[in-house]
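J.: Following this message is one structure expressed as structure tokens.
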Amino acid sequence: MDNNKTTLEDIISLCKRRGFIYQGSDIYGGLSGTWDYGPLGLMIKDQVKKLWWERFVDNRTDMYGVDAAILMNPKVWISSGHVDTFTDPLVEDLKTKKRYRADHILEAAGFSVSGKTTDEMSAMIKDNKIKSIDGNDFGEVRKFNMMFKTNIGAIESDENTVYLRPETAPGMFVNFKNIQDTFHPRLPFGMAQIGKAFRNEIAPRDFVFRVREFEQMEIEYFVNPKNWESTFEHFQKEIKEFSHDIGLDRDKLHELEVSKEDRAHYSSRTVDFEYDFPIGKKELYGLAYRSDFDLKAHMEGSKADLTYFDEETKERFIPHCIEPSFGLDRTILAILGTAYTVDTMADEERIVLKLSPSVAPYRVAVLPLVKNKEDLVNKAKEIFEKIKNIAGKNGIAKSKIVYDETQSIGKRYRRQDEIGTPICLTVDFDTLEKGTVTLRDRDSGKQEVVKVEDLEGLFSK
Ligand code: ATP
């Protein structure tokens, strides 16, 4: 099967069947826009986060990690502009009262909404007689703020409204002064954070692509405005390298220069990284030059001094900021969509997840050929321990090695193929007699007989 024909339903079904991702609150019929990661999905997610943190924080000396609170002083969201402008255009089917994103409705009808106001969108819908999928008229387009509100403390009132953060970025801007005061970093330096974000999306859809609760991995990198362009290009390259680290397909990743009218007024450059998902080409990551907009806004709002003093030039100024922003859940969908393959092996159709070993839940599955021969099973368990130790010596977590003895060997191969385990190591009667095991390659199905003592080099291949 052509991989392009993989549908979202194929992936959702595999995810549920094998324990990657389940519908949120499943036994209660779900909650729209929420999904729960099961053990295998979490293993991929954790690995992606680990690789991201390694590349952008651990392997550098100019990055400061933070883990800011999700609930923040509501003034943060006034200064950042979210209270006034973090909106999507909402339009309602006048009969069914179902709500839609007006920009999505217009785009699906072949119109460009770039730079259009809500009034202009209303007129476009009316003039072109665009109807809802139920064939009804739409009302006026209006702005809908996507921040979830709640109250802090025991009394519910407007005075104690707080928001669930719709992005992780402000958690870094509000700690800019703390980092400066504690660590005295020289420009350029960055702050990095991984955490949950919440958006009351009008129409959550497409599995984990557009959800109401998701995770982001973000960097705010501060520079002297003279140097923003080279830093921008550096992160452009780094985003592509990171995508490669986690096994995404270079040919499916596209850079879109966001046009002036679609960019925020303070930004001189924004690049959206789009990816060929099973639902088409859509935004995966973003890279934006945000000038001094955020620090300036928070300086005005909080009255704290968020300037920087350059010891060499004796200049004091507000640093400018480059923001690479990564959505973790869209990353998982991109990984699964890229890896999901249907092919034929030994005259049988199979589903195989061709995951990069860097993100596969398991690196090796150890399988005794049969489970009713005690000496064979004991040997397999002994080899399982050995492989876990070899993994440990190679910096691979022991949990990445799995032991599996239920059902026939053929069924176990299929199961491991479906969860993307790159190597199946089978312990058979030759293991007892000749001290050899069989290694089966997930993608080609090729089998190789190797001596147990040669397994030390298993992970260096
Ligand atoms: P979109 O236009 O698709 O709504 P956006 O431009 O609003 O996305 P940003 O505000 O730039 O997104 O957020 C940064 C990243 O966070 C996105 O590139 C995406 O990976 C992720 N993201 C944003 N909204 C969602 C969501 N509702 N569900 C899952 N991931 C999201």
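Residue-by-condition table, conditions (1) farther than 30 Å from ALA69 by Cβ; (2) open to solvent by 10 Å² or more (accessible area, probe 1.4 Å); (3) of a type outside the set (Ser, Thr, Tyr); (4) at pLDDT below 95:
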residue: MET217; (1), (2), (3), (4): no, no, yes, no
residue: VAL223; (1), (2), (3), (4): no, no, yes, no
residue: ASN227; (1), (2), (3), (4): yes, yes, yes, yes
residue: GLY247; (1), (2), (3), (4): yes, yes, yes, no
residue: GLU261; (1), (2), (3), (4): yes, yes, yes, yes
residue: THR270; (1), (2), (3), (4): no, yes, no, no
residue: ASP276; (1), (2), (3), (4): yes, yes, yes, no
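J.: Output the strands (runs of 3 or more DSSP E) that fall wholly within the range 226-344 and possess 1 or more residues being within 17 Å of the chain's Cα centre (by Cα), or say none.
T.: Details: elements: 253-257, 270-277, 280-289, 308-310, 315-317, 320-327.
Counting at least 1 such residues, we get 253-257, 270-277, 280-289, 320-327.
J.: If I filter the range 33-40 for residues that are closer than 20 Å to ASP417 by Cβ, in contact with a Pro (Cβ under 7 Å, 6 or more places away or on another chain) and in the same structural domain as ILE202 (by TED's automatic domain parsing), do I get at least one hit?
T.: We begin by selecting, within the range 33-40, every residue closer than 20 Å to ASP417 by Cβ; these are 38-40.
Filter again for in contact with a Pro (Cβ under 7 Å, 6 or more places away or on another chain), leaving 40.
Then drop every residue that is not in the same structural domain as ILE202 (by TED's automatic domain parsing), which leaves 40.
Yes, the range 33-40 contains a residue that is closer than 20 Å to ASP417 by Cβ, in contact with a Pro (Cβ under 7 Å, 6 or more places away or on another chain) and in the same structural domain as ILE202 (by TED's automatic domain parsing).
J.: Has the range 189-204 got any residue that is open to solvent by 50 Å² or more (accessible area, probe 1.4 Å) and without any contact (Cβ under 8 Å) to a residue 24 or more places away in the chain?
T.: No, the range 189-204 contains no residue that is open to solvent by 50 Å² or more (accessible area, probe 1.4 Å) and without any contact (Cβ under 8 Å) to a residue 24 or more places away in the chain.
J.: Another question about this same structure. Which residue pairs have Cβ atoms under 9 Å apart, sit 6 or more places apart or on different chains, and have a first residue in the range 22-37 that is at negative phi and open to solvent by 60 Å² or more (accessible area, probe 1.4 Å) and a second that is within 14 Å of the ligand (Cβ to nearest atom) and part of a helix (DSSP H, G or I)?
T.: Close Cβ pairs satisfying both conditions: TRP35/ASP329.
Conditions tested, residue by residue: (1) more than 16 Å from the ligand (Cβ to nearest atom); (2) assigned by TED's automatic domain parsing to the domain that holds GLN47; (3) over 30 Å from PRO188 (Cβ atoms).
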| residue | (1), (2), (3) |
| --- | --- |
| THR307 | yes, yes, no |
| GLU312 | yes, yes, no |
| ARG316 | yes, yes, no |
| PRO324 | no, yes, no |
| THR341 | yes, no, yes |
| SER356 | yes, no, yes |
| ASN372 | yes, no, yes |
| GLU385 | yes, no, yes |
| ILE396 | yes, no, yes |
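J.: Follow-up question, since we're still on this one. How many of the residues in the range 43-80 are open to solvent by 70 Å² or more (accessible area, probe 1.4 Å) and either in a loop (DSSP other than H, G, I, E, B) or farther than 16 Å from PHE242 by Cβ (or both)?
T.: Counting residues in the range 43-80 that are open to solvent by 70 Å² or more (accessible area, probe 1.4 Å) and either in a loop (DSSP other than H, G, I, E, B) or farther than 16 Å from PHE242 by Cβ (or both) gives 7.
J.: Additional query: Residue pairs, Cβ under 6 Å, 6 or more apart or interchain, first in the range 247-273 and closer than 24 Å to ILE335 by Cα, second surrounded by fewer than 15 Cβ atoms within 10 Å (Cβ to Cβ) and aliphatic (A, V, I, L, M). List them.
T.: Qualifying pairs under 6 Å: ASP272/LEU256.
J.: MET147: within 16 Å of the ligand (Cβ to nearest atom) and not in a helix (DSSP H, G or I), yes or no? Give the derivation first.
T.: Numbers: within 16 Å of the ligand (Cβ to nearest atom): yes; not in a helix (DSSP H, G or I): yes.
It is true that MET147 is within 16 Å of the ligand (Cβ to nearest atom) and not in a helix (DSSP H, G or I).
J.: Out of the residues in the range 195-230 meeting the condition of being β-branched (Val, Ile, Thr) and in contact with a His (Cβ under 9 Å, 6 or more places away or on another chain), tell me which one is nearest to the ligand (Cβ to nearest atom). Steps first, please.
T.: Our first condition is that a residue be β-branched (Val, Ile, Thr); within the range 195-230, this holds for 202, 208, 211, 219, 223.
Next cut, in contact with a His (Cβ under 9 Å, 6 or more places away or on another chain) only: 202, 223.
Working: ILE202: 10, VAL223: 20 Å.
Going through the qualifying residues, I end up with ILE202.
J.: Of all residues in the range 281-312, which are open to solvent by 40 Å² or more (accessible area, probe 1.4 Å) and charged (D, E, K, R)?
T.: Residues satisfying the conditions are LYS281, LYS282, GLU283, LYS296, GLU300, LYS303, ASP305, GLU311, GLU312.
Residues checked against (1) open to solvent by 50 Å² or more (accessible area, probe 1.4 Å); (2) farther than 30 Å from VAL162 by Cβ; (3) out of contact with any helix residue (DSSP H, G or I) (no Cβ under 9 Å at 6 or more places or on another chain):
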| residue | (1), (2), (3) |
| --- | --- |
| VAL91 | no, no, no |
| LYS95 | yes, yes, yes |
| ASP103 | no, no, no |
| LEU106 | no, yes, no |
| SER112 | yes, yes, no |
| GLU120 | yes, yes, yes |
| LYS126 | yes, yes, yes |
| SER132 | no, yes, no |
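The values are calculated or read from the model by the stated rules, or taken from the named source; none is laboratory data. Every value quoted in this text rests on a predicted model; they were computed, and no experiment measured them. A quick note on method: Cβ atoms are made from the backbone with ideal geometry, for glycine too, and the neighbour counts reach across all protein chains shown. Each accessible area value is taken on the protein alone, full model and side chains, heavy atoms only, with ligands, DNA and RNA left out. Shrake-Rupley method; radii C 1.70, N 1.55, O 1.52, S 1.80 Å.
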